[in-house]
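**Student:** This is the structure I want to talk about, given as structure tokens.
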Amino acid sequence: MAVGSGWNAVLTNYNYIRIFSNNGIQKDLICQAHPIVTMAGYENFLAIVYHSGPAFNGYQPMRVKVFNMATRDNRVLLDSDCAVTPTSELKWFGFSEEGQLFSYDILGIIRSFSYNTQTWSPRHDFKMKHGHVYRQLWIVGISDQELLVIEMPKDHEAPSLQIKSNVRRFKMRSPLLAQNEEDTTTEGQELSLS
């Protein structure tokens with residue numbers, strides 16, 4: 001399920017995406033030809049990630065398609081590759097508070113999509129920066145330079161509803177090679193502006 005401004009999208013087992021108004025009235029029906037992995041909504045945009053072919057040598061070819069739900073025909077604005085680390089799986093996908101697309105894979109890599117260059121860039125490497133907890137993190141939000149996550153107990157795949165969860169904040173730092181920390185910070189800031 002994905003939610004936007006005035007619409008809700010529900011995926012069925014037939015690869016149908018049923019679009020409903022907030023009042024529960026079905027407004028549209030979209031059929032996707034490839035298996036859908038996940039969906040996310042932001043204002044008027046519906047993003048779907050789908051398998052674009054069979055897995056090969058540990059690599060899962062995936063693409064992301066973004067629809068403008070404000071148009072009567074739900075026009076496709078973008079259909080591009082969705083980068084995932086080889087031998088990995090997509091763990092989370094969604095929009096930041098500002099509307100930028102982000103992905104997170106099971107090896108701890110956060111990537112952002114640039115609408116200008118139509119490319120994905122690594123924005124944070126949890127495995128490298130927080131190796132002891134990266135498998136226990138559940139993303140609850142992303143802002144321009146900050147990740148909001150819940151640290152789950154070991155062996156949990158999702159946060160427990162019975163336990164009060166504390167949201168932790170992490171500053172995003174691109175995993176760049178640099179001779180000193182100051183150089184990495186400057187380059188990371190330049191990358192986030194693109």
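**Student:** Let's test the formula: R0 of 30 Å, r as the Cβ-Cβ distance of Asp144 and Asn22. What FRET efficiency results, to the nearest 0.05?
**Tutor:** Result of the calculation: an efficiency of 0.60.
**Student:** Using only the Cα atoms, work out Rg/Rh for the stretch 15-116, with Rh taken as the Kirkwood radius, to two decimals.
**Tutor:** 0.98
**Student:** Using the Cα centre as the reference, give the magnitude of the dipole from point charges on the C-beta atoms of the stretch 54-118 (Lys, Arg: +1; Asp, Glu: -1; all else neutral), rounded to the nearest 20 debye.
**Tutor:** 140
**Student:** Compute the signed sum of charges (Lys and Arg +1, Asp and Glu -1) over the other residues within less than 11 Å, Cβ to Cβ, of Ile48. Please list the in-between numbers first.
**Tutor:** Details: positive: Arg63, Lys65; negative: Asp79.
Combined, the nearby Lys, Arg, Asp and Glu give +1.
**Student:** Please work out the Cα convex hull volume for the chain and give it in Å³ per residue.
**Tutor:** 147
**Student:** Might you report the magnitude of the Cβ-based charge dipole of the chain about its Cα centre, with Lys and Arg at +1 and Asp and Glu at -1, to the nearest 20 debye?
**Tutor:** 560
**Student:** What is the fewest-to-most order of Phe93, Phe20 by other Cβ atoms lying within 10 Å of their Cβ? Walk me through the numbers before you get to the answer.
**Tutor:** Numbers: Phe93 23, Phe20 16.
Lowest count first: Phe20, Phe93.
**Student:** With a sphere of radius 12 Å drawn around the Cβ of Phe170, what net charge do the other residues whose Cβ falls strictly inside it have (Lys, Arg +1; Asp, Glu -1)?
**Tutor:** Local charge sum for Phe170: +3.
**Student:** Here's something else I'd like to know. Round to the nearest 0.05 the FRET efficiency obtained for Leu77 and Ser121 when R0 = 22 Å and r is the Cβ-Cβ distance. Before the final figure, lay out each step's value.
**Tutor:** On the way: r = 20 Å, r/R0 = 0.89.
Efficiency, rounded to the nearest 0.05: 0.65.
**Student:** Here's a follow-up. When the chain is fully extended, how far beyond the present Cα-Cα distance does Gln32 get from Thr87, taking 0.36 nm per residue of separation?
**Tutor:** Values: separation 55, 0.36 × 55 = 19.80 nm, distance 2.52 nm.
The Gln32-Thr87 span can extend by a further 17.3 nm.
**Student:** Once a ≥ b ≥ c are taken as the square roots of the eigenvalues of the Cα gyration tensor of the stretch 122-182, is the result rounded (a/c under 1.5), prolate (a/b larger than b/c) or oblate (a/b not larger than b/c)?
**Tutor:** Verdict is prolate for the stretch 122-182.
**Student:** Before rounding to the nearest 500, sum -39500 (n - 2.57) across all DSSP H runs of length at least 4 in the chain and divide by the residue total; then give [θ] at 222 nm in deg cm²/dmol.
**Tutor:** -2500 deg cm²/dmol
**Student:** So which of Lys91/Lys127; Lys91/Lys154; Lys27/Lys65; Lys65/Lys127; Lys65/Lys164; Lys127/Lys171 end up more than 24 Å apart by C-alpha?
**Tutor:** Among Lys91/Lys127; Lys91/Lys154; Lys27/Lys65; Lys65/Lys127; Lys65/Lys164; Lys127/Lys171, the Cα-Cα distance tops 24 Å for Lys65/Lys127; Lys65/Lys164.
Every number in this text was worked out from the coordinates using simple rules, so none of it is lab data. All figures in this text were calculated on a predicted structure; none of them were measured in a lab. No Cβ is skipped: glycine too gets one built from the backbone with ideal geometry, and neighbour counts run over all protein chains shown.
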